[in-house]
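The values are calculated or read from the model by the stated rules, or taken from the named source; none is laboratory data. All values reported here derive from a predicted model rather than from experimental measurement. FYI the Cβ positions are ideal-geometry reconstructions off the backbone, even for glycines, and counts take in every protein chain you see.
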Amino acid sequence: MKRGLIIFLAGILAGFALGRIGPKSSELFGDGRITPRPSSICYSCAWEGIDPSVRNDLIGYYRQYFPADKLLLADARFALWRTTGTPNCDMLKEYRQVASASDSSPFRRYVAETVVGFAGPECGEDTHRHFHNASKAAAQAGLPSEALLLDAMANGDPSRVFGDVEVRASLTVPPGAKNFVLGESAVQITPGMRIGTQVDRVMRDWISAQLKWSASDDPAAAALIGYHEGALAQRIIELAGAKIYPMAGSLAARKNDKWYAPDDTGTFRFQVLDDKMRYPTTHAVDDVGWIEDTHGISALVPQAVERHMQLVIGCGDSTGKMKAAYYLAQKGINVFVPGDRYQDELLGYDAPGMIIGGAPVHKKGEAVVIGGQPVQFLVAEPIVVEDTKKAFPIQYYDAPARYFRALNRYAPLRLTFVEVDEPGQIGRVLIKAEEMKASAVAIRVMTQQEDIQVRDWLQGSKTRRAILFHSALYPFAQLLFSDFPSQVTFGDLHPRFK
């Protein structure tokens, strides 16, 4: 018994000595050990209301997906972790290898170090050192506001500055105005123009198993996503030879249960919707997070300014996104928001930069232009406007009504609203227009059936005109614009009354 106790104590002392002279915990884990801290994001909430088969198919895909790029491999493993709910802390070493690789650009080091900084605490790691490294890499990559915010994280500074954006907007309607023109607003695209885009639906789309682009600050060289903002960016490249720069990585901070992204001074101003915080490549420690797969103008402001973008393309379907668009326009940066449901909030905005919703992307003479398709209307003529009271995913059909209700505050228009309950009910709007002998409709075209019906209606008379809303994200709008250049236009934020 006494000999056993001696052996037991000797073992403890030997273990202690080995711990003192053996590898340090920082060498084994990259940082000191802490009590694991669960993420403050509800990743399982991302699947609420989504067919379980989508999740199951994604799990199957990511389990067999092994890209060669270590950063992309680690992102894919995170997609599997968040989708299954099964942690996999081993993949953090992949990010560390990217961060320490001699051929990694400062931007890639910024991404890799920031991911470890935010995700490490879930794995029981104190990652202040990674925030420090991320701050240095951000500074080297030309991202000063991100560098300052990450330095504060490295130093354990809990203070955050929040703000808002006051939108200055008004329309002048001359007394007795009888006509108004929509679609004159335009942005000319020139060869080599610097165009910044969101990452989601341009370079990657994790929920569609398209996670093939690895973070870079170079112009996009890989194939763009073939739909939504990606398809429009590709169209711009093909027509004008512009340079597309996907802007990966945005910090976010939470206040009163809402998340906000910062401006270029580090002030958190632009609300980020919860579903974007639930992406598997978004990470958070307590009330601060980081979004790798950026989505929406609200997440693009600092990089748009710091990287000297001339045009920014992203989703505008929330108040925060449109406030961000206005902020950029105030700095003279043009913004294209084909997801334009909330553009009514900026009607008549006052800023040197141009903000354009779902407009045509086309050649006018030798120039490539977004917008620039004017169509005239009478103030006194009846306009039939599509609307809905339904929730996701039908709510976008209220975009026409939102715009014309806002416009009606400035001019006494003759509007008739027709509600739809699901896609493919555009016939309700067109039938009402025929009943009223109205020659103008404000509609959304998302499906092939809707495209066929509105084409038939437009072909019935050259006097018939359609204003498209929240349609440019889908395959039919650009052909409608080009096939009916004098009959189809978009919801211009600077309508001209005369």
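When the residues of segment 307-361 are narrowed to those that are of a type in the set (S, T, Y) and assigned to a loop (DSSP other than H, G, I, E, B), which ends up surrounded by the most Cβ atoms within 10 Å (Cβ to Cβ)? Applying the filter and picking the extreme gives Y342. Of all residues in segment 33-55, none are at pLDDT 95 or above, farther than 18 Å from I291 by Cβ, part of a loop (DSSP other than H, G, I, E, B) and out of contact with any strand residue (DSSP E or B) (no Cβ under 6 Å at 6 or more places or on another chain).
The one condition from (1) closer than 16 Å to F469 by Cα; (2) in contact (Cβ under 8 Å) with a residue 40 or more places away in the chain that V418 does not meet is (2). For segment 51-78, filtered to residues that are more than 27 Å from L273 (Cα to Cα) and among the basic types (K, R), the residue that is surrounded by the fewest Cβ atoms within 10 Å (Cβ to Cβ) is R63.
Applying the set (1) within 29 Å of P393 (Cα to Cα); (2) surrounded by 11 or more Cβ atoms within 10 Å (Cβ to Cβ) to E48 leaves exactly one unmet item: (2).
If you go through segment 280-293 one residue at a time, do you hit one that is touching a Gly at 6+ places or on another chain (Cβ under 9 Å), in contact (Cβ under 8 Å) with a residue 12 or more places away in the chain, assigned to a strand (DSSP E or B) and over 30 Å from G124 (Cα atoms)? Taking every residue of segment 280-293 in turn, none turns out to be touching a Gly at 6+ places or on another chain (Cβ under 9 Å), in contact (Cβ under 8 Å) with a residue 12 or more places away in the chain, assigned to a strand (DSSP E or B) and over 30 Å from G124 (Cα atoms). Within segment 65-86, residues that are in the same structural domain as E48 (by TED's automatic domain parsing) and within 25 Å of P38 (Cα to Cα) have Cβ atoms under 6 Å from residues that are of a type in the set (V, I, T) and assigned to a helix (DSSP H, G or I) in these pairs: K70/V98; L71/V98; T83/I59; T84/I59, counting only partners at least 6 apart in sequence or on another chain. In summary, strands (runs of 3 or more DSSP E) completely within segment 89-203 and bearing 1 or more residues that are in contact with a helix residue (DSSP H, G or I) (Cβ under 6 Å, 6 or more places away or on another chain) and aliphatic (A, V, I, L, M) occur at 186-189. Please go through segment 403-423 and give me each residue that is over 25 Å from P175 (Cα atoms) and surrounded by 14 or more Cβ atoms within 10 Å (Cβ to Cβ), ordered by number. Answer for segment 403-423, where residues must be over 25 Å from P175 (Cα atoms) and surrounded by 14 or more Cβ atoms within 10 Å (Cβ to Cβ): F417, V418, E419, V420, P423. Which condition does M436 not pass, out of (1) among the hydrophobic types (A, V, I, L, M, F, W, C); (2) in contact with a Ser or Thr (Cβ under 7 Å, 6 or more places away or on another chain); (3) surrounded by 15 or more Cβ atoms within 10 Å (Cβ to Cβ), if it passes all the others? Here M436 meets the rest and fails (3). Is it true that T190 is under 22 Å from I41 (Cβ atoms) and of a type in the set (S, T, N, Q)? The answer is no for T190. Summed over segment 87-116, residues that are free of Cβ contacts under 8 Å to residues at least 12 places away in the same chain and surrounded by 18 or more Cβ atoms within 10 Å (Cβ to Cβ) total 1.
Only one of the numbered conditions (1) under 29 Å from T267 (Cβ atoms); (2) out of contact with any helix residue (DSSP H, G or I) (no Cβ under 9 Å at 6 or more places or on another chain); (3) in a helix (DSSP H, G or I) is not met by E238, and that is (1). Look through segment 242-271, keep the residues that are of a type in the set (F, W, Y) and touching a residue at least 60 places away in the same chain (Cβ under 8 Å), and return whichever of them is surrounded by the most Cβ atoms within 10 Å (Cβ to Cβ). Going through the qualifying residues, I end up with F270.
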